[in-house]
1. Would you pick out the residues in the stretch 243-260 that are closer than 15 Å to residue 13 by Cα and not in a loop (DSSP other than H, G, I, E, B)?
2. Kindly evaluate residue 90 against the criterion of being more than 29 Å from residue 440 (Cα to Cα) and either outside the structural domain of residue 163 (by TED's automatic domain parsing) or under 22 Å from the mean Cα position of the chain (by Cα) (or both).
3. What are the residues in the stretch 219-234 that are surrounded by 10 or more Cβ atoms within 10 Å (Cβ to Cβ), within 22 Å of the chain's Cα centre (by Cα) and either assigned to a helix (DSSP H, G or I) or at pLDDT below 90 (or both), if any?
4. Failed condition for residue 333, given (1) within 30 Å of residue 410 (Cα to Cα); (2) without any contact (Cβ under 8 Å) to a residue 24 or more places away in the chain; (3) touching a strand residue (DSSP E or B) at 6+ places or on another chain (Cβ under 8 Å), with all others met?
5. Those residues that are surrounded by 16 or more Cβ atoms within 10 Å (Cβ to Cβ), out of contact with any helix residue (DSSP H, G or I) (no Cβ under 7 Å at 6 or more places or on another chain) and in contact (Cβ under 8 Å) with a residue 12 or more places away in the chain, I need them from the stretch 52-62; list them, please.
6. When the residues of the stretch 99-113 are filtered to those that are in a helix (DSSP H, G or I) and either in contact (Cβ under 8 Å) with a residue 60 or more places away in the chain or surrounded by fewer than 20 Cβ atoms within 10 Å (Cβ to Cβ) (or both), which remaining residue is nearest to the chain's Cα centre (by Cα)?
7. If you go through the stretch 66-89 one residue at a time, how many are outside any helix (DSSP H, G or I) and under 18 Å from residue 34 (Cβ atoms)?
C-alpha cells in the first residue's frame, strides 16, 4: 500500500529474548509510535526451541512474548499500533494459538494475527540434499557430512516479504520465525510506502535503520564507551525510527527518557557485528555501509541519509546447530591472603584427583580461570599482587558425558579438603550440559518459500 503518512514511526522494544519487559511497555506509554517490533531470536535460541518442541508439541516459541502481549495488546489496539515479533521460533502456529487465547481472555475482538514461516528446514534436509544443496560450512569449508547426523535445528534467514504480505492482509500482530533482524522494521516500511523490492537504495536505508535499532537500547546509550555521561540508565529510552518515503530517516527516542541519541551512540551500534562494510548481505538487499551519513539534527535526534544498496544475492543463509558433546562449569570463591595462589592450588587438586581415577581432559577441553586476577584482560592488565578475593571458574567439555559428570563431583569437596578460604560455592554441583554448536551455510533462494497465514480472533 501507499501510506498517506509523511513519516512512519517504528520502534524496537526487545533486542533479544530476555531484554527488559519495560522497553515495549514504555514505548507504548511514553509517546506516539505506529509499529512496535520485538526481536527475540538468536542462533542458539532456535536450537533450544527445537528441543522444547520435541518434548512438547505446543512449545518451541518465545513464551515471554505471550506474557507481554497480554500486558500491551489493549493499549496497542486502542492506539492503532501494530506489533511485529520474531517470537514464533520453530512453532509459530502454537504461538499464534496462544496469542489468540490472549485476545479472548482480554475480551477483545477483531484482532488479526499472522504467522510468517518457511524458515524451518530441519524436516526438509533430505529433500534439499537431493536437490543439490551441500550445506558446506560457509566459515570453515567443513563438510556437512561430519555433522549431518547430529543436527538439531536448521533455519533459513528470511527477508521482509512475508511481513509485508501479512501487513497488506490487515494483520495487527505478525508472528515470525527466523527472519533477519532488520526485516522486522523493513517490512512495515515497504508496506506503508509501497517501495519496490528493486528499489535497492530504499531497501538499504530500511536495512540500516533496522541494524541500528535491532539491539534495542544499544543505540541510545547502552553498552557504550562514553557510559559515564549517560543519564538515567534505569529509564533509558528505547529507539524509534522516523522513516520518510524517500528513504531518509531519523533515529530518536521518546522525550524525557534516559540515555542519548547522538552521532556517537548511533555509530557505536552501526559498527556492531559488521563484516565487509561495503557488502552487508541480507535476503532483501546488499548494503554499502560506507555510504551512510549521519547528522545531529537536534538533541536526541540523528538524521541518517545517503545510503546505497544493490541487488541481493541468489542465496539465503542457513543457521544450523548440532550436538557437540557435553560441558560442566563450576565456581568457587576464595578469600583471604594469597587468594590467587589458593585458587590455583584448588584447580590443580581437581585435576590430580581426577587423574587418580584415570579421568583426563585434553588442554583444549578444560579451563581454569580466575576472575579478579585480570582474566578479562589477560596479557594486557597487570594481575593484582595481593588480591584478597578471587573466583575460581573451572570447567571441562568432552564427548563422554560420564567423564564430565565425574569432574563435576570434585568441586564442592574443596570446601573442606582444600586450602583455607574457600568460602562460597555458586549454584550447587554443576550438571553436565549438552554443547550446541553453530553451523552456518548457504541455500539457493529457489528452495525456500515464505508462508503467510492470517487468522482473526
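The values are calculated or read from the model by the stated rules, or taken from the named source; none is laboratory data. Since this is a predicted model, take the numbers as computed values, not measurements. Positions of Cβ are generated from backbone atoms using ideal geometry, with glycine treated the same way; all protein chains shown enter the neighbour counts.
1. 251, 252, 258
2. No: the conditions fail for residue 90.
3. Correct list: 219, 221, 222, 223, 224, 233.
4. Residue 333 satisfies all of (1) within 30 Å of residue 410 (Cα to Cα); (2) without any contact (Cβ under 8 Å) to a residue 24 or more places away in the chain; (3) touching a strand residue (DSSP E or B) at 6+ places or on another chain (Cβ under 8 Å) except (2).
5. Listed by number, the residues that qualify are 53, 62.
6. Within the stretch 99-113, the first condition is being in a helix (DSSP H, G or I), and the residues that meet it are 99-105.
Subsequent filtering for residues that are either in contact (Cβ under 8 Å) with a residue 60 or more places away in the chain or surrounded by fewer than 20 Cβ atoms within 10 Å (Cβ to Cβ) (or both) retains 99-101, 103-105.
Numbers: 99: 22, 100: 25, 101: 26, 103: 27, 104: 30, 105: 30 Å.
Only one residue fits best here, namely 99.
7. Number of matching residues: 6.
Yes or no, residue by residue, for (1) assigned by TED's automatic domain parsing to the domain that holds residue 88; (2) surrounded by fewer than 20 Cβ atoms within 10 Å (Cβ to Cβ); (3) at negative phi:
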{"residue": "115", "(1), (2), (3)": "yes, no, yes"}
{"residue": "126", "(1), (2), (3)": "no, yes, yes"}
{"residue": "129", "(1), (2), (3)": "no, yes, yes"}
{"residue": "132", "(1), (2), (3)": "no, yes, no"}
{"residue": "138", "(1), (2), (3)": "no, yes, yes"}
{"residue": "141", "(1), (2), (3)": "no, yes, no"}
{"residue": "145", "(1), (2), (3)": "no, yes, yes"}
{"residue": "150", "(1), (2), (3)": "no, yes, yes"}
{"residue": "163", "(1), (2), (3)": "yes, no, yes"}
